[in-house]
Amino acid sequence: MVSNVNADARLIRAAVAAPYLEREEEYDLAVRWAQDKDQEALHRLTSAHMRLVISVAARFRRYGLMMNDLIQEGHIGLLEAAARFDPERGVRFSTYATWWIRASIQDHILRNWSIVRGGTSSTQKSLFFSLRRLRAQILKNGEPASSYELYKELAQAIGVSVNDVARMDSRLSGPDASLNAPVAQDNDSASERQDFLVDEHPLPDETVESVIDGERRLAHLADAMDVLNPRERKIIQSRRLNEVGATLEQLGDELGISKERVRQIESRALEKLKKALESTGDFSSKPS
């Protein structure tokens, strides 16, 4: 923790010590970087604007993430701005870079606020970063009659659904809870939260039993298929056992018979299979 604090302090001191750029000097550095990829020009341009990165990052400290990480992400946004900046447009670099710095920091917060991945669309980002501020403004004018009325006003202000507001409010209400956290804090032997999670998957012995049963039934089905003649086997295989079943018309064209005749042969073949499988005790395994 001490090392992080010292690193933050060094970074801030370096940013404060960096000289301000006059408009003409800023333009010259931006041109040298844009046209000649002059690394020294890029370093001077970005170093002079690190105080801007720190200023923007400080606005997001309330989200509980390390200031050093916010500054690092803001620096990435600053470099992105430098890569895209067109000095010929007559706009100051700081004005242009502020948007990229803020966007990079916001993306970092959204990625790290919770292990549960949330929406990253422009409306979801607006909802995430505006919800608390707008809630405070609405409550300042008098508390709504219910949570639904509050969510409704927030949804209208931001341009999202009431359900989106409710989900985001729940997400912002508290940090993630560890599955290893004890249910009772005053008991060293207390059960952990993960002990109460329900596993919907079958038990290992059930899985093995299912695999063995499946293999046995497939073997019985293969034996039962031997009671069919080649044409019956062809129809059953094509209609019932392939991933995509053939139609009566397709098989009729292939075998040179009518589709009604194919249906009759299929019906007769299924009866043969039924009787053959009944003799094995696996009648439930007949083709469906």
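Once segment 204-285 is represented by equal point scatterers at the alpha-carbon sites, with solvent omitted, what log10 I(q)/I(0) does the Debye formula produce at q = 0.11 Å⁻¹? Normalising to I(0) and taking log10 leaves -0.35. A simple charge model with +1 on the Cβ of Lys and Arg, -1 on the Cβ of Asp and Glu and nothing else charged puts the dipole of segment 2-112 at about 560 debye relative to its Cα centre. Could you state the orientation-averaged shadow area of the convex hull built on the Cα atoms of segment 2-112, in nm² to one decimal? Orientation-averaged projected area of the Cα hull: 7.0 nm². First measure r as the distance between the Cβ atoms of S267 and E206, then evaluate 1/(1 + (r/R0)^6) with R0 = 41 Å and state the FRET efficiency to the nearest 0.05. Efficiency for this residue pair is about 0.70.
No lab work stands behind these numbers, since they all come straight from the coordinates. In this text, all values refer to a predicted model and were calculated from it rather than measured experimentally. Neighbour counts run over all protein chains shown; Cβ positions are idealised from the backbone, glycine included.
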